[in-house]
Amino acid sequence: MDIDEGEVASRRVQVRFVTKPKPPFKAPPTSIAIPSNLTRLGLSAVVNNLLKAGNDDWKTEPFDFVIDGELVQMSLE
(Lines give C-alpha, C1' and ligand atoms only; values in the text may rest on other atoms or scores of the structure.)
Protein backbone atom coordinates (compact mmCIF):
# COMPACT_ATOMS: atom_id res chain seq x y z
CA MET A 1 0.00 0.00 0.00
CA ASP A 2 1.36 3.43 -0.97
CA ILE A 3 1.01 6.35 1.40
CA ASP A 4 0.97 9.86 -0.02
CA GLU A 5 2.87 12.73 1.60
CA GLY A 6 -0.33 14.45 2.73
CA GLU A 7 -1.32 11.39 4.75
CA VAL A 8 2.12 11.17 6.40
CA ALA A 9 2.11 14.90 7.19
CA SER A 10 -1.30 14.61 8.86
CA ARG A 11 -0.32 11.79 11.23
CA ARG A 12 0.13 12.93 14.79
CA VAL A 13 1.52 11.28 17.89
CA GLN A 14 0.95 12.05 21.54
CA VAL A 15 4.18 12.94 23.33
CA ARG A 16 5.21 14.04 26.78
CA PHE A 17 8.66 15.53 27.21
CA VAL A 18 10.44 14.32 30.34
CA THR A 19 13.52 16.19 31.45
CA LYS A 20 15.98 15.45 34.22
CA PRO A 21 17.32 19.01 34.63
CA LYS A 22 15.61 21.48 36.91
CA PRO A 23 14.03 24.75 35.71
CA PRO A 24 14.50 26.56 33.43
CA PHE A 25 14.93 23.32 31.44
CA LYS A 26 11.88 21.61 32.97
CA ALA A 27 9.30 20.87 30.28
CA PRO A 28 5.59 20.99 31.17
CA PRO A 29 4.33 17.51 32.19
CA THR A 30 1.30 17.55 29.88
CA SER A 31 0.96 15.45 26.72
CA ILE A 32 0.68 17.18 23.37
CA ALA A 33 0.00 16.00 19.81
CA ILE A 34 2.75 16.69 17.28
CA PRO A 35 3.29 15.69 13.64
CA SER A 36 4.89 12.26 13.40
CA ASN A 37 7.30 13.43 10.71
CA LEU A 38 9.24 15.73 13.07
CA THR A 39 12.97 15.15 13.41
CA ARG A 40 15.28 16.11 16.28
CA LEU A 41 15.35 19.71 15.05
CA GLY A 42 11.55 19.89 14.94
CA LEU A 43 11.27 18.34 18.40
CA SER A 44 13.84 20.83 19.68
CA ALA A 45 11.77 23.70 18.25
CA VAL A 46 8.65 22.36 20.02
CA VAL A 47 10.46 22.13 23.37
CA ASN A 48 11.97 25.59 22.96
CA ASN A 49 8.50 27.01 22.31
CA LEU A 50 7.12 25.26 25.40
CA LEU A 51 9.96 26.58 27.56
CA LYS A 52 9.68 30.09 26.12
CA ALA A 53 5.95 30.14 26.97
CA GLY A 54 6.88 29.97 30.66
CA ASN A 55 9.92 32.27 30.48
CA ASP A 56 10.03 35.41 28.32
CA ASP A 57 13.84 35.55 28.70
CA TRP A 58 14.32 32.04 27.29
CA LYS A 59 17.21 31.69 24.80
CA THR A 60 16.80 28.95 22.19
CA GLU A 61 18.80 25.81 23.00
CA PRO A 62 19.45 22.71 20.87
CA PHE A 63 18.19 19.49 22.47
CA ASP A 64 18.75 15.79 21.90
CA PHE A 65 15.95 13.26 22.42
CA VAL A 66 15.92 9.67 23.61
CA ILE A 67 13.00 7.29 23.06
CA ASP A 68 13.15 3.88 24.73
CA GLY A 69 16.89 4.30 25.27
CA GLU A 70 17.65 5.24 21.63
CA LEU A 71 18.82 8.63 20.44
CA VAL A 72 16.37 10.14 17.93
CA GLN A 73 18.25 10.62 14.66
CA MET A 74 15.39 10.45 12.14
CA SER A 75 11.73 11.39 12.12
CA LEU A 76 9.38 9.85 14.66
CA GLU A 77 7.77 7.93 11.80
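For segment 45-77, how many residues are more than 15 Å from Ile34 (Cβ to Cβ), without any contact (Cβ under 8 Å) to a residue 12 or more places away in the chain and surrounded by 12 or more Cβ atoms within 10 Å (Cβ to Cβ)?
1
Which one is modelled with the highest pLDDT among residues in segment 15-30 that are of a type in the set (D, E, K, R) and over 18 Å from Pro62 (Cβ atoms)?
Selected residue: Arg16.
Please go through segment 1-14 and give me each residue that is modelled with pLDDT of 90 or more and among the hydrophobic types (A, V, I, L, M, F, W, C), ordered by number.
Within segment 1-14, Val13 is the sole residue that qualifies.
Return the residue satisfying two criteria in turn: it lies in segment 24-77 and is part of a loop (DSSP other than H, G, I, E, B), under 16 Å from Val13 (Cα atoms) and of a type in the set (D, E, K, R), and of such residues it is farthest from the chain's Cα centre (by Cα).
My answer is Asp68.
The values are calculated or read from the model by the stated rules, or taken from the named source; none is laboratory data. Predicted model, so just to flag it, every value in this text is computed and none were measured. Virtual Cβ from ideal backbone geometry, glycine too; neighbours counted across all protein chains shown.
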